[in-house]
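Undergrad: I'd like to ask you about the structure that follows.
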Amino acid sequence: MAKKKKFKDLPAMGRYFFDTEFVDTGTGFKNDFISIGVVNEEGEGYYGISTEFNIAAAREHIWVRKYVFDKLDHHSTWKTLEEIRQEILDMIEPAREVEFWAKNGSYDNVFLCQLFGGMGKLREALQREKGVEKLTFRDTKELLRAAEDPKIPPMPEKDKHVSINDAHQERHVFNACKKALDKQPAPKPII
């Protein structure tokens, strides 16, 4: 049995912004994970493209071919799901709590969790490897609403749907919303 790592003096929070791309394989509830981009608060990023997705389905799906598949880096850079899993773990810094932020997080969260074998396995890996006590998934669309939709420069069309670019955009959205929320007056207590 592997020894549990000991962590001392962990930072309170680590935030990561991410995006995934995937293709509907047409087999009921099954979608194939294509890629993931993960960016930390400082803007350092990780981009992983899977060798294990259904390439034929990606080519046949008109939208996925045009907006995702044709924009992928050369196939020589693609990695196994095991390599992607480990490289994501390597990127995460030890902290007591980790937040993952994504737009349309319900899809992205599922794929991130599935990379690790499910929500419980992701939590276990982060706790074992990084000392994480609490894992939270957040949606930047909710943050945009709370910040009353601050003006954020749009991404160039050519950069959209490349998961690392979209992850960087989620970081920009977070920072713009945080700045807008910091300027808002404090809510008055309801008595």
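The values are calculated or read from the model by the stated rules, or taken from the named source; none is laboratory data. The structure displayed is predicted, hence computed values, not measured ones. Here the Cβ is made from the backbone with ideal geometry for all residues, glycine too, and neighbour counts use every protein chain on show. To get the accessible areas, we keep the full protein, side chains included, count just its heavy atoms, and leave off ligands, DNA and RNA. Shrake-Rupley method; radii C 1.70, N 1.55, O 1.52, S 1.80 Å.
Undergrad: Please state, as a whole number in µm²/s, the translational diffusion coefficient that the Stokes-Einstein equation yields for the stretch 4-136 at 37 °C and 0.692 mPa s, with Rh defined as the Kirkwood radius across alpha carbon pairs.
TA: D, rounded to a whole number, is 211 µm²/s.
Undergrad: Using a Debye calculation, one point per C-alpha and no hydration shell, please list log10 I(q)/I(0) for the stretch 77-139 at q = 0.14, 0.18, 0.22, 0.28 Å⁻¹ in order.
TA: -0.38, -0.64, -0.94, -1.35
Undergrad: Turning to a different aspect of this structure: Expressed as a whole number of Å, what is the distance separating the alpha-carbon centroids of the stretch 86-113 and the stretch 12-70?
TA: What the calculation gives is 14 Å, centre to centre.
Undergrad: Same structure again: Too long at a 19 Å Cα-Cα cut-off: which of 151/178; 121/160; 30/66?
TA: Beyond 19 Å between Cα atoms: 121/160; 30/66.
Undergrad: Now, a different point. Of all accessible surface on the stretch 72-191 at a 1.4 Å probe, what whole percent is carbon and sulfur?
TA: For the stretch 72-191, the apolar C and S fraction of the accessible surface comes to 53 percent.
Undergrad: Relative contact order, percent, of the stretch 97-168 when contacts are C-alpha pairs under 8 Å separated by at least 6 residues?
TA: Value for the stretch 97-168: 39 percent.
Undergrad: With a 1.4 Å probe and every protein chain left in place, work out the accessible area per residue of the chain in Å², rounded to a whole number.
TA: 61 Å²
Undergrad: For the stretch 43-114, rounded, prolate or oblate, judged on the Cα gyration tensor with a ≥ b ≥ c (square roots of eigenvalues), a/c < 1.5 rounded, else prolate if a/b > b/c?
TA: Here the stretch 43-114 falls in the prolate category.
Undergrad: Continuing with this model, one more query. Build a GNM of the chain with springs between Cα atoms under 10 Å: which of 157, 52, 21 gets the top mean-square fluctuation?
TA: Its mean-square fluctuation being the largest, the pick is 157.
Undergrad: Still on this model: Can you give the calculated 222 nm mean residue ellipticity of the chain, where each DSSP H run of n ≥ 4 adds -39,500 (n - 2.57) and the sum is split over every residue, rounded to the nearest 500 deg cm²/dmol?
TA: The per-residue figure over the chain is -11500 deg cm²/dmol.
Undergrad: Report the residue, chosen from 78, 63, 101, that carries the largest GNM mean-square fluctuation when the chain is represented by alpha-carbon nodes joined by springs under 10 Å.
TA: Sorting by GNM fluctuation, first place goes to 63.
Undergrad: Which of 17, 33, 53 moves most in a GNM of the chain, Cα contacts under 10 Å?
TA: Looking only at 17, 33, 53, the biggest GNM fluctuation is shown by 53.
Undergrad: Could you calculate the contour length gain from residue 124 to residue 73, that is, 0.36 nm times the residue separation minus the distance between their Cα atoms, to one decimal place in nm?
TA: Working it through step by step, the gained length comes to 15.2 nm.
Undergrad: Does the stretch 76-188 come out rounded, prolate or oblate, given a ≥ b ≥ c as the square roots of the eigenvalues of its C-alpha gyration tensor, rounded meaning a/c under 1.5 and, failing that, prolate meaning a/b above b/c?
TA: Oblate, because a/c is 1.5 or more while a/b does not exceed b/c.
Undergrad: If the only charges are +1 at each Lys and Arg Cβ and -1 at each Asp and Glu Cβ, what is the size of the charge dipole of the stretch 61-191 around the Cα centre, to the nearest 20 debye?
TA: 420 debye
Undergrad: Right, another one. In percent, what relative contact order does the chain have, based on Cα pairs under 8 Å that are 6 or more apart in sequence?
TA: It comes to 28 percent, rounded to a whole number.
Undergrad: In the chain, what percentage of the DSSP-assigned beta bridges are antiparallel, given to the nearest 5?
TA: Beta bridges within the chain, antiparallel portion: roughly 55 percent.
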